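The values are calculated or read from the model by the stated rules, or taken from the named source; none is laboratory data. Owing to the predicted nature of the structure, the values given are computational and were not obtained by experimental measurement. Note that we place each Cβ from the backbone using ideal geometry, even for glycine, and neighbour counts take in every protein chain shown. For accessibility, only protein heavy atoms count, side chains too; no ligands or nucleic acids. Shrake-Rupley method; radii C 1.70, N 1.55, O 1.52, S 1.80 Å.
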Amino acid sequence: MARLFGTDGVRGLANAELTPELAMSVAASAARVLAAHDRSHRPVAIVGRDPRASGEMLEAAVVAGLASAGADVLRVGVLPTPAVAFLVGDLTADLGVMISASHNPMPDNGIKLFGEGGHKLPDGIEDEIEAGLTAHGARPTGAQIGRVSDVDDALDRYVAHLLAATPHSLAGLRVVVDCANGAASQAAPEAYRKAGAEVVALHADPDGVNINDGCGSTHPEDLCAAVVEHGADLGIAHDGDADRCLAVDARGNLVDGDQIMAVLALAMAEAGELAETTLVATVMSNLGLHLAMREHEIVLRTTAVGDRYVLEELRAGGFSLGGEQSGHVVLPGHATTGDGLLTAMRLMGRMAATGKPLAELAGVMRRLPQVLVNVRVADKAAVAASPAVREAVDAVSAELGDEGRVLLRPSGTEQLVRVMVEAPAEDTAQAAADRLAGVVASVS
């Protein structure tokens, strides 16, 4: 059977694949596993959600599951995923549960779990939780059943945390924020205003069904237009649960996660805050980021694709900045997971401190054209081992030299091989990618 937990929790079509029964079982098992690891007290769990309609149903199931296993539950309502992670540590809870499918369409939903301190759970603990789904031991009764209460100041606590982590007032900046009709619809405008910025809120009216619908970080077109229309200094695009952000400069041009990391890396290096003068990114980050970091004598360490791998490398090396091209940026000195609001406030803080427009700051890195071709194959392992494929990759790499890059990556879930090529010109990258895709297809 396939593993229940994916790279970011349990996710699926709400009430079909991710049912209330499954949500209750996952929550109850998580509480039992935590109680087994620490018998000194009854577990305390934070539960938050994004505003999609199925979240109301799944929240009820999760709360019931936790309480039925003897955990006390603190509900924090609709808040970003990083807020739930923060509150686990701030309220000294044992577990955090975020009900969200992030940037997925509204019909989907998911369950993300955080352990003590607000850290994502290691694979071993997730495996224990999954193994415990069918457990039928004695349940607590009477006073041992978990109690449920609401944290009325959860949003205030989170916003105060963001303000404390922002090194410079944002006064003088006008920002348009696209909240994706998601979990940041209240938190982001409030945080940015309290930090001093003039805020224009866009797609900040969630109704349960409009989350991520033609808006947010996966659809920034409205934001690009709104920044120009309002004469704003920049735009910020969040996804449904606000663990990521992309930016838009004053001319309406998109600034991706690689460029945001480049800006923050230089700012932190200048302030002596970039541990080991190192930035952590995934293998999918643009070659332009590598070149920019090399020019400024910053080490760039790469990981497999997925924010959990970035987190693992950050923790293992004691590094202070990492992230993904998609806008997941992690600042371990202030957060245990990607936090789109924190990222945006640090980016705006750099603009305010230097007086430079975003386009100039982001210009430290030049994005090379990047072409990605997905090739469906019969056996991705055979493709990876093919001498013909290796020879073709070596030949294209030699042709591109230091001005380009080739990456072949088997899909983690499908019989696909992803062919990625970067080159100084779009047509060069496309031609090389098509050539390699043809070799991959011929040996599969």
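Heavy-atom accessible surface of the chain, averaged per residue, reaches 41 Å², computed with a 1.4 Å probe.
Which of Ala30, Ala353, Ala187 ends up with the largest GNM mean-square fluctuation for the chain, with Cα atoms connected below 10 Å? Greatest mean-square fluctuation among the candidates belongs to Ala353.
Note on region 94-150 and region 223-258: Cα centroid distance 33 Å, given to the nearest whole angstrom.
For the peptides 100-113, 31-44, 311-324, the ranking by mean Cβ contacts within 10 Å, running from highest to lowest, is 100-113, 311-324, 31-44. Could you name the lysines whose alpha carbon sits less than 18 Å from that of Lys120, not counting residues in the same chain fewer than 8 places away? Output for Lys120: Lys112. GNM remark for the chain: springs join alpha carbons under 10 Å apart, and the peak mean-square fluctuation among His136, His219, His296 falls on His136.
Among the protein heavy atoms of the chain, carbon and sulfur supply 51% of the accessible surface, probe 1.4 Å, non-protein parts ignored. For P(r) over Cα pairs in 20 Å bins from 0, in percent, the value calculated from this model appears in [x] 25, 50, 20, 4, 0; [y] 25, 54, 20, 1; [z] 27, 56, 14, 4, 0 under label [y]. Relative protection proxy for 274-281, 157-164, 177-184, from highest mean packing down: 177-184, 274-281, 157-164 (other beta-carbon atoms within 10 angstrom). For a straight C-alpha distance cut-off of 26 angstrom, the lysines reachable from Lys356 (same-chain residues fewer than eight places away being disregarded) are Lys194. Residues whose amide H falls under 5 Å from that of Gly6, counting only those 5 or more places apart or on a different chain, are Arg11, with hydrogens built in the peptide plane.
Each stretch of four or more DSSP H residues adds -39500 (n - 2.57); spread over every residue of the chain, this sum gives -12000 deg cm²/dmol at 222 nm.
Working ranking of peptides 362-374, 334-346 by packing, defined as the average number of other Cβ atoms within 10 Å per residue, highest first, is 334-346, 362-374. Across the options Ala398, Ile236, Ala378, the greatest Cα extent toward the positive end of the charge dipole of the chain (unit charges at beta carbon of Lys, Arg, Asp, Glu) belongs to Ala378. Sorted largest first by accessible area at a 1.4 angstrom probe radius, with every protein chain in place, the residues Leu87, Leu361 fall in the order Leu361, Leu87.
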